[in-house]
1. With everything on Cα atoms, drop me the angle between helix 124-133 and the longest principal axis of the chain, reported from 0 to 90° to the nearest 10.
2. Write down the radius of gyration of region 133-207 and its Dmax, each obtained from C-alpha positions, in Å.
3. Over region 89-307, what relative contact order in percent results from Cα pairs under 8 Å that are six or more residues apart?
4. Taking the Cα centre of each part, how many Å lie between region 5-73 and region 134-167?
5. Answer with one residue from 209, 289, 168: the one whose Cα lies farthest towards the positive end of the charge dipole of the chain, charges on Cβ with Lys, Arg +1 and Asp, Glu -1.
6. Please get the size of the charge dipole for region 3-80, origin at its Cα centre, with Cβ charges of +1 on Lys and Arg and -1 on Asp and Glu, quoted in debye to the nearest 20.
7. With only alpha-carbon atoms counted, please give the Rg and Dmax of the chain, in Å.
8. Placing +1 at every Lys and Arg Cβ and -1 at every Asp and Glu Cβ, with all other atoms neutral, what dipole size does the chain have around its Cα centre, in debye to the nearest 20?
Amino acid sequence: MDLNAVRTFVAVAEAGQFQRAAADLSVTQQAASKRVAALEHALGVRLFVRAPSGARLSIDGQAFLPHARALLDAAERAAASVRPGSRALRVDVVHRQVATARLLRAFHRAYPDTALDIVTLHGGAEAVEAVRSGAIDATVRAVTLLDQPLPEGVASTPVLDEPLRLFTGPGHPFAQARSVTPAQLAGHRVWMPGNAPGAEWTAYYERLAAEFGFTIDAVGPDFGIEVLFDTIAESSTVATFVGDETPLVWPVGHALRRIPLVDPTPVYPGELVWRTDNAHPGLAALRGHLTAAYPGRANSGVWTPEEAGRGGSRTGLPA
C-alpha cells in the first residue's frame, strides 16, 4: 500500500478539503486528488464524498481512517528504529562481567540519553565480521590477537589495558605473597576452563604461558564462575587469572586471594572496533569517551602479547 497515498487520505480527512490538505503536504491539489483516487482504486471503494464545499468521509472512509492512522504510526516507528540517533547503539563485549562491559557502563552514566544494546558474541573474529557487515555498531576486543587484519573500512583504537591478577585459594603456595612475577609461575598449573580454541583470549594466555614457562590447563567443562570459585578455594595447586578491573564476589568462607603480577605486569589489551562509514551519533560519542578515558599504555613494566617473540626485553626495562 502506498504510504504517501495513505498519508494524503488522512490529511484530507482531517482538513475536510483537498486544497488545504495539499497545502499541508506541500503538493498540488491535483497530486493530492490523484493519490487518493489511486488509493480508492486499490481498495475498490470510495473513501470520500466529494462536494463543492469540500470532502467528507464515506462510510468506507470512516472505517478505513483508524487503520490508516495506525499504518502511518507503524511506518514512523519502523523508520525511527533505524534512524541515526534513534536506534540503540549496538555494541559487543566478551562478557557482561568483565572490564570491557565496565567501560560501557561508564559511558552510559556519562551519556544516559544514548540507548545501548549490549551483545556478547563468541569470539573476536565473529565480532569483527559483525562490525563489517553492519550487524553491530562496534566491539571491544583484543584485535591484535586475531590472525587476520581488519577488513577494509573497519578501524580500531586502543581503549583498555587491564592488568592481570593471580587468583588462588588460601592453601596455594602463593596465597600469602604480596606479589608474584610471571616467571615464578613456571611449573605451576593455571586452570582456565573457559579458554575456547580459536578465541582471542585463548591466544593471549597461550602466548603468556609460552613466554614464562607455566601451563594453561583448559581441560574440563566450564560450569561457570561459581564452580571456578569452589575449585580454586579447595585446591592447594590450582590457580587462575582474573582481570584487575573485573568485579568478583565470592563466599566469605572461600578466603580467595587476588595477587598482583609484577616485573612485568601482563596487561590484557582491548580495542574499540567500528566501521569508518558508520554515522550513528552514539558511536562518535562512544569513541570520544573511551579514547579520552584511556590513559595510554605504560612505557615500562608491562607485558603485552604483541611483544611475544620479538626478542629482547618485554618489560621496557633493561634485559
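No lab work stands behind these numbers, since they all come straight from the coordinates. The model shown is predicted, which means the values in this text are computed figures rather than measured ones. When we count neighbours, we look across all protein chains shown, and the Cβ atoms used for this are built from the backbone with ideal geometry, even at glycine.
1. 20 degrees
2. 16.9, 51
3. Reported relative contact order: 32 percent.
4. So the separation of the two Cα centres works out to 54 Å.
5. Positive-end residue among those listed: 289.
6. For region 3-80, the charge dipole is close to 160 debye.
7. Here Rg and the maximum Cα pair distance are 30.0, 97 Å.
8. Dipole magnitude for the chain comes out near 1160 debye.
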